[in-house]
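The structure appears right after this line, and notes come after that.
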Amino acid sequence: MGVRKAIHRAVSVLTSPATPEDYLQVINPLSSARQLRGVVTAVRREGTRSATISIRPGRGWAPHLAGQWARIGVEINGVRQWRSYSLSAPEGHDPEITVTAIGRVSSHLVQHTKVGDILFLAPPQGEFVLPTGPRPLLMITAGSGITPVMSMLRTLVPKRRDADVVLVHSARTEGEALFLDELRAMQRDYPGLHVVTRFTATQGRLDFSDAAQVDAVCPDWRSRKAYVCGPIELLDDTEKFWANAGLPHGLQVERFAPAQLVPSDTDGGRITFARSDKEAVADGSTPILEVGEEAGVIMPSGCRMGICRTCLTPLVSGQVRDLRTGEIHADEGELIQTCITAAVGPVHLEI
Ligand SMILES: Cc1cc2nc3c(=O)[nH]c(=O)nc-3n(C[C@H](O)[C@H](O)[C@H](O)COP(=O)(O)OP(=O)(O)OC[C@H]3O[C@@H](n4cnc5c(N)ncnc54)[C@H](O)[C@@H]3O)c2cc1C
Ligand code: FES
């Protein structure tokens with residue numbers, strides 16, 4: 001037995017019925033072997049609907065690569081809610097997230113987070129990262145889609161004299177645009193960064209069905225490695241544009257929300273959550289994850305869009321529909337992704 005384990009066992013005897021973990025957390029709330037945590041060290045307002053939250057992570061945090069994201073947990077009315085957020089701080093720095101208030105958890109984070117609060121963390125992940133060698137880059141972002149790219153710019157541009165980056169960033173209005181002052185200052189200080197801003201309420205969107213518009217903002221876009229992050233329509237339009245140009249691999253996409261869902265008029269049904277001893281009536285289009293959370297079931301989740309598989313739960317009986325493809329899953333014992341499936345008739349889940 002390791003020394004650490006032996007001490008833990010001895011202390012367990014002295015502290016029972018509470019665990020040493022419980023006492024350690026009173027002394028130092030970041031000290032938990034079970035769950036990675038961080039303490040909020042600063043909260044900065046950004047634009048009109050967003051805030052950047054700086055976090056000092058506890059033991060066990062693995063440093064992030066520029067562009068990666070992490071799951072962040074926050075307790076709201078006693079229930080721990082998890083969402084994914086890109087880490088906007090540069091590589092080598094403590095994590096920061098920049099959250100735009102659009103729904104329940106993001107609004108809570110923007111409006112109620114204060115210095116000293118404890119947030120729950122999961123390790124950074126994601127492939128939306130800088131290339132390993134020097135390459136001319138084109139970043140296309142809109143709204144909160146700037147956050148992973150901001151981490152990349154902050155990491156790359158001040159350090160590399162040979163950086164060559166064009167950023168095309170859209171926001172509805174100048175007031176809503178994130179990081180505008182910092183981007184303008186970076187452009188002034190570093191000749192390797194060229195920033196094109198577009199305020200869509202007055203200028204309209206950049207039209208990716210018109211190559212001349214793209215040429216006008218970045219004439220050499222074909223020879224650049226391109227990244228895009230923003231609303232679904234922007235991702236779809238740019239993917240189509242690069243594919244039509246015969247360069248489908250020239251564009252790397254980061255999604256914050258699931259791709260377009262397949263519409264259906266199927267009825268839902270009653271979902272039974274066996275282990276949690278709860279049930280709820282669901283319609284045919286709401287993800288089972290949301291139905292369970294609403295009913296007070298502790299549902300595991302991560303990306304909430306069918307990528308990370310954190311939400312896998314065994315189907316005991318019934319049928320569920322994949323909201324992205326329309327495919328029906330009905331095999332007993334099959335692991336279903338609750339974030340992108342909805343009930344088709346009565347469903348019985350193990351959770
Ligand atoms: C890899 C990844 C990185 C992310 N990074 C960021 C980030 O840096 N900053 C940030 O603010 N958010 C980011 N998100 C989105 C974030 O995880 C949440 O989805 C978002 O904050 C909404 O959560 P909520 O609880 O407030 O809304 P909910 O109450 O869960 O949802 C409210 C409604 O908004 C819709 N919705 C969810 N996300 C979006 C979206 N991005 N745009 C438009 N509608 C949406 C939902 O479908 C739902 O209808 C990221 C998501 C992923 C998967
Ligand atoms: S929460 Fe990531 S796949 Fe369902």
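The values are calculated or read from the model by the stated rules, or taken from the named source; none is laboratory data. Just so we're clear, the structure is a prediction, and the values are computed from it rather than from any experiment. Please note: Cβ atoms are built from the backbone with ideal geometry, for glycine as well, and neighbour counts cover all protein chains shown. When the accessible area is computed, the model is the full protein with side chains, heavy atoms only, and any ligands, DNA or RNA have been set aside. Shrake-Rupley method; radii C 1.70, N 1.55, O 1.52, S 1.80 Å.
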Q: Only residues that are at pLDDT 95 or above, within 21 Å of R304 (Cβ to Cβ) and of a type in the set (G, A, S): list them for the range 77-115, please.
A: S86, S88, A101, S106, S107
Q: Would you tally the residues in the range 97-137 being of a type in the set (A, V, I, L, M), more than 16 Å from ligand 2 (Cβ to nearest atom) and part of a loop (DSSP other than H, G, I, E, B)?
A: 5
Q: Report, by residue number, each residue of the range 52-76 that is at positive phi and at pLDDT 95 or above.
A: G67
(Q) For the range 190-236, give me the residue count where each residue is more than 28 Å from G126 (Cα to Cα) and assigned to a helix (DSSP H, G or I). (A) 10
Q. Out of curiosity, is H169 under 18 Å from C229 (Cα atoms), free of Cβ contacts under 8 Å to residues at least 60 places away in the same chain, of a type outside the set (V, I, T) and open to solvent by 20 Å² or more (accessible area, probe 1.4 Å)?
A. no
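With the requirement that a residue be without any contact (Cβ under 8 Å) to a residue 60 or more places away in the chain, closer than 26 Å to C308 by Cα and over 17 Å from the mean Cα position of the chain (by Cα), what does the range 219-236 give you? If you could, list the steps in order and put the result at the bottom.
Residues of the range 219-236 that are without any contact (Cβ under 8 Å) to a residue 60 or more places away in the chain, as a first pass: 219, 222, 232-233, 235-236.
Filter once more, keeping what is closer than 26 Å to C308 by Cα: 232-233, 235-236.
Passing the criteria: E233, D236.
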Q) Pairs under 8 Å by beta carbon, first residue of a type in the set (V, I, T) in the range 131-150, partner open to solvent by 20 Å² or more (accessible area, probe 1.4 Å) and part of a helix (DSSP H, G or I), six or more apart or different chains? A) I140/L234
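Can you find even one residue in the range 125-140 that is touching a Pro at 6+ places or on another chain (Cβ under 9 Å) and open to solvent by 10 Å² or more (accessible area, probe 1.4 Å)? Break it down into steps so the answer makes sense when it comes.
First, pick out the residues of the range 125-140 that are touching a Pro at 6+ places or on another chain (Cβ under 9 Å): 126, 128-129, 137.
Then drop every residue that is not open to solvent by 10 Å² or more (accessible area, probe 1.4 Å), which leaves 126, 129.
Within the range 125-140, one or more residues are touching a Pro at 6+ places or on another chain (Cβ under 9 Å) and open to solvent by 10 Å² or more (accessible area, probe 1.4 Å).
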Q: Search the range 101-121 for residues that are farther than 15 Å from A42 by Cβ and pair each with any residue that is part of a helix (DSSP H, G or I) and open to solvent by 20 Å² or more (accessible area, probe 1.4 Å) when their beta-carbon atoms are under 6 Å apart and the residues are at least 6 apart or on different chains.
A: A101/S107
Q.
If E239 satisfies all but one of (1) closer than 22 Å to S144 by Cα; (2) over 27 Å from the mean Cα position of the chain (by Cα), what's the number of the condition it fails?
A. (2)
(Q) Among the residues of the range 73-96, what is the count of those that are more than 15 Å from C303 (Cβ to Cβ) and either of a type in the set (V, I, T) or in a strand (DSSP E or B) (or both)? (A) 6
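Could you pull out the residue among G78, G116, G73 that is open to solvent by less than 40 Å² (accessible area, probe 1.4 Å) and either assigned by TED's automatic domain parsing to the domain that holds G296 or over 30 Å from R205 (Cβ atoms) (or both)?
Just one listed residue meets the conditions, G73.
Filtering the range 57-72 down to residues that are closer than 13 Å to Q125 by Cα and in a strand (DSSP E or B), which residue is nearest to ligand 2 (Cβ to nearest atom)?
Going through the range 57-72, the residues closer than 13 Å to Q125 by Cα turn out to be 61-72.
With the extra rule that they be in a strand (DSSP E or B), the set shrinks to 69-72.
Details: W69: 12, A70: 13, R71: 9, I72: 14 Å.
Filtering the range 57-72 for residues that are closer than 13 Å to Q125 by Cα and in a strand (DSSP E or B), the one nearest to ligand 2 (Cβ to nearest atom) comes out as R71.
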